[in-house]
Structures are given as C-alpha cells and as structure tokens.
Amino acid sequence: MRLRLLGAALVILLATALAVVLVRARDSGQNSRTEQKSAAAEVGEGADAEGGERAGSEEGLEEDVLTAERLDALAKARANGKFGGKVAATTSPATGWVGSRVLNAPTDDWEPAVATDPRAPYVYLLTTRYGVDPPGCAAKCPSPFIALTVSADNGSTWSAQTPLCMCLGVKAQYDPTIEVVPNTGAVYSVFLNGDRHNGFSTSFMKSTDHGATWSAPVHVYGNVSWTDKPEIATSASGEDVYVSWNGPEGGDLYVGQSHDYGATWTQQHLTSDKRYYYAYDARVLSDGTVVFSESSIVYSGLKNVAAGSEVWHHAVISRDQGATWENTVVAKVPQGESCVADGCGPDFYTGQTSVVSDAPGHLVFAYEGPTTADGPQRIYVARSSDAGRTWTAGSPLSVAGEDATGPRLASSGGGNARIWYMQTSGGDNPDAWNVWYRSSTNGGSAWSSPVKISDAPAGAAGYINASGFAEIYGDYGEIGVTNTGKTVATWGEGFSYTGPGGTWFNIQR
C-alpha cells in the first residue's frame with residue numbers, strides 16, 4: 001500500500017472536511033509511498049526533522065482519501081458504461097499459455113498475490129477488493145477487504161471468492177501476501193488489518209484445510225500506529241516464519257519472527273536512518289537461511305525522492321534463524337522515470353525487487369533501475385553462488401528505451417528460474433503496459449526469449465487497447481510454480497492508479 005503524503009494542515013482539514021481534501025488530493029499528484037518519518041509515539045521513537053511528524057492516525061486519514069477517490073472513480077466508470085460489464089475472453093493466447101483472464105469482471109480488484117502448493121494441485125489467489133462488502137457481511141464490514149479464491153486443480157477451475165478474514169469492526173485491509181508450507185500444505189498469510197483509530201497492524205493467519213477455514217488473526221507487531229508492506233517467508237516445516245515490513249517510524253526496516261508456527265512473535269528493528277525500506281520478496285533456503293529482497297529510498301521532506309539520491313536494492317539475510325541479520329546492497333541505481341497517471345506519484349514504478357533460490361546456495365535477485373536519473377528503467381538480474389555473500393553485476397532482461405518495473409521470480413529448483421515483469425509498449429501508445437515472461441534453466445545465466453502473457457484482446461476491458469493496458473493497478477503482483485511445474489502469474493491492470501481495475505492471471509499449459 002502506497003499512501004500519498006499530505007501536510008499537517010491537510011490532515012486537520014481531512015478530519016473536518018474530507019470532501020474538500022479529496023479534491024486537493026487528486027490535484028496534488030503525490031504518491032502514497034512518499035511517507036516519511038513519524039512520531040510513532042506508541043513505540044517511543046522521535047520524529048525526523050526532515051520528514052516531519054507522522055502518526056498512524058494521519059496515515060489512516062490519507063488512506064481514507066485514497067479509498068474515497070477509488071470508490072468515486074469506480075462509480076463514475078460504471079455510470080459511463082466503462083467498467084463492470086463482461087470481459088472478452090483471450091482468443092489468441094501466448095504460445096504455451098492458456099490466456100490471461102480477469103478474476104472477477106464486475107469488481108474493482110487491486111494488488112493480487114498467489115501461492116502454489118509444491119506437492120498438491122492447490123493454487124491460492126488473493127486480491128484487495130474495493131466497492132463491495134464481503135459476501136455474508138451486513139454491518140461493520142472492512143472496505144476494502146481481502147478476497148480469497150482457491151483452485152484444487154492447478155487453476156482449471158476456481159472456488160467462489162470469500163473474505164480471507166471477515167474481521168467485523170475493522171475498517172480496511174490491504175497488502176495481502178500468501179505462502180504454502182512446503183512439507184505440510186498449510187497456508188500462511190499476512191496482511192494489513194485495521195483502521196486509522198486503532199492502527200494498521202500486520203496480521204498473520206493460517207489454514208490447514210486448503211483455505212476452507214482460517215485461524216484468528218494474530219498481530220505480528222502488536223497494536224501500533226502503523227505498519228506497511230509486509231512480506232512473509234516460511235521454513236519447509238512451517239515452524240519458523242519470518243515477516244519483514246516498514247515500521248511506524250516512517251520506513252525503518254523491521255523483521256518479525258515466529259518459531260512456533262505463527263502462534264507468538266518477536267520483532268527486530270534493523271535500521272534507523274533516513275532510508276525508507278520496502279520488502280518485496282522472501283525465501284527460506286533448505287539450510288534455514290532467510291533472505292528478503294528489499295529496496296530503500298531517501299525522500300525529501302514530505303514530497304518526492306531526494307534529488308541526486310540513489311535507490312538501493314538490498315538482500316537482508318539471516319543465517320542463524322533470525323538471531324542476527326546482514327544487510328547487503330546488491331545494486332545502487334538512480335531514481336527512475338516518474339509515473340504521471342491519474343492519482344499516481346513519481347515513485348510508483350521505483351524500487352521493486354524479487355529473489356529466489358534455484359539451487360542450494362545459489363540465489364537469483366531481480367531489480368529495476370535506469371542508466372541515468374529520471375530515465376526509463378530496465379529489469380536486471382544479479383546472481384550469487386555463496387548464499388548472498390557476494391553478487392554478480394546485474395544483467396539486463398528488459399528492452400532498452402522502454403520503461404520496466406515489477407520483476408517477480410519463482411523457481412522449481414534444479415537451476416530453473418522464471419520471471420515476469422511489466423514493460424511499456426512503445427510505438428503508437430508509449431504509455432501502455434504489458435506483462436512479459438522469461439525463464440532460465442541455468443540459474444539465471446541465460447534466459448529464454450520474452451513472451452507477452454498479458455494477452456487479452458483489445459477492448460476486452462475498458463482499459464485495454466491494441467498496445468496493452470492503460471496502467472499498472474497495484475504496487476505488486478506475484479508468480480508461482482504448480483506441482484506439475486507450470487507457472488502461474490497474477491498482476492493488476494486498470495485505467496489509472498486511482499482505478500478502477502482488475503486482477504488478471506495467466507497459467508502455462
């Protein structure tokens with residue numbers, strides 16, 4: 001979840017006149033991710049002089065603005081006949097793929113996540129759903145809420161979409177992540193759950209019956225003013241669980257860990273500086289080593305990325321079950337090309353990463369960055385043969401001259417690595433986006449030719465044309481490998497950052 005920054009005066013105005021602020025927020029063009037240091041009174045941290053004071057209630061108010069804008073955009077698109085109707089099926093799927101499909105055409109779905117079971121034909125898909133109440137909920141329902149759908153046949157058919165957590169009385173849910181415990185098939189999920197009065201806290205839930213029922217949510221980090229962007233990883237047994245997020249101080253790196261299958265949690269505060277961290281991916285290796293892929297950004301006051309600063313891409317690693325952590329910078333890149341879509345801020349495309357282990361001790365790390373400041377980004381892949389102690393220089397995968405973002409990696413072992421990423425289309429519609437897929441059989445040293453897997457036909461939805469889709473809808477998507485070795489990819493497409501849009505997915509044949 002990326003919330004646009006508003007000054008203290010606007011926060012006060014929000015509390016008394018939300019409608020006025022909605023107009024100003026639309027005109028500001030500032031991005032959600034430009035959140036800075038907060039007072040974080042709940043944990044006793046001081047405010048940062050450059051970033052200004054930030055408290056959880058203020059950030060919750062900002063999220064109220066974004067939700068209201070999305071609901072307004074959704075209502076207008078429906079009224080104009082541009083959204084909510086039938087979506088045309090893919091008629092010419094990419095070679096080797098079934099063809100991209102929208103999860104649910106009538107609903108406004110943002111930020112999907114997917115997990116696959118390596119030993120059984122189960123696939124789990126989450127999305128953040130705006131504009132409707134959870135099925136079966138009549139009052140005190142979270143909005144947006146996290147919707148879950150399950151396939152028991154590797155994506156051929158899907159269950160009805162149900163709320164991951166009904167969580168009555170909770171105002172909103174965001175940032176879903178989901179993993180399958182390799183040895184048991186249990187399903188773990190973490191997400192943001194709360195409201196601006198009681199705090200948006202990272203919550204953990206699990207299911208031992210393939211998503212039919214779920215445990216009550218457990219706070220990974222107590223009742224604090226704010227947490228954001230959680231990412232989860234689990235050991236093969238499911239006993240050791242690790243979650244990274246950025247904390248209530250305004251972007252500091254945190255890791256929570258549980259060594260009793262998610263029942264109880266401890267936390268570590270790993271950084272305290274002006275760099276704002278974002279976790280995007282994580283793995284627990286066969287020897288218990290934990291690896292998070294993260295990025296960090298320096299912001300200038302309450303506005304944009306600091307002029308002349310670099311985006312750093314990090315491998316955050318523990319080799320002793322979370323007792324100590326290494327923070328290795330894999331690459332440093334300039335700030336990339338700004339997003340200018342409605343509601344979008346300049347850093348929306350910046351700083352995304354992914355990591356996978358394709359063989360014992362071998363890691364593949366994907367990241368993005370331009371060659372010059374404010375230029376178009378390319379996707380790069382770096383490799384490590386010593387479990388992340390040293391890394392190769394990044395090798396480019398995407399096309400030079402086009403903007404690219406959002407790399408997502410998966411592996412089925414044996415040197416196999418798979419990736420998808422977003423890339424602009426060029427030609428007559430340079431602002432259109434597509435999703436491209438590539439694979440490697442030798443640990444990322446060489447890659448197959450790119451295949452476009454966002455292959456819905458022009459006009460399939462109001463935001464899709466012959467060149468691609470209008471805007472990336474959501475800060476991230478995900479990728480997985482089924483028990484039969486097929487790739488499942490999910491991502492968001494929409495009219496703009498404000499929306500509306502939908503969750504899309506594609507599966508290899």
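Among the residues in the range 212-235, are any open to solvent by 20 Å² or more (accessible area, probe 1.4 Å), out of contact with any strand residue (DSSP E or B) (no Cβ under 6 Å at 6 or more places or on another chain) and within 29 Å of Ala359 (Cβ to Cβ)? No: zero hits. One residue stands out among those in the range 191-211 that are among the charged types (D, E, K, R) and modelled with pLDDT of 90 or more: the one that is surrounded by the fewest Cβ atoms within 10 Å (Cβ to Cβ), which is Asp209. Looking across Gly288, Gly250, one residue alone is open to solvent by 10 Å² or more (accessible area, probe 1.4 Å), of a type outside the set (D, E, K, R) and on the phi > 0 side of the Ramachandran plot. It is Gly288. Here is the figure for the range 87-120: residues that are of a type outside the set (A, V, I, L, M, F, W, C), under 22 Å from Ala147 (Cα atoms) and touching a Gly at 6+ places or on another chain (Cβ under 9 Å) total 9. Checked across the range 82-96, the condition of being within 15 Å of Trp504 (Cα to Cα) and not in a loop (DSSP other than H, G, I, E, B) holds for no residue. Scanning the range 452-509 for residues that are within 21 Å of Gly155 (Cβ to Cβ) and either in contact with a Cys (Cβ under 7 Å, 6 or more places away or on another chain) or among the charged types (D, E, K, R) (or both) turns up Lys452, Asp455, Glu478, Lys486, Glu493, Arg509.
The values are calculated or read from the model by the stated rules, or taken from the named source; none is laboratory data. Everything quoted here is computed from the prediction, not taken from an experiment. Glycine also receives a Cβ, built like all others from the backbone with ideal geometry; neighbour counts cover every protein chain displayed. Just the protein is used for accessible areas: all its heavy atoms, side chains included, with ligands, DNA and RNA removed. Shrake-Rupley method; radii C 1.70, N 1.55, O 1.52, S 1.80 Å.
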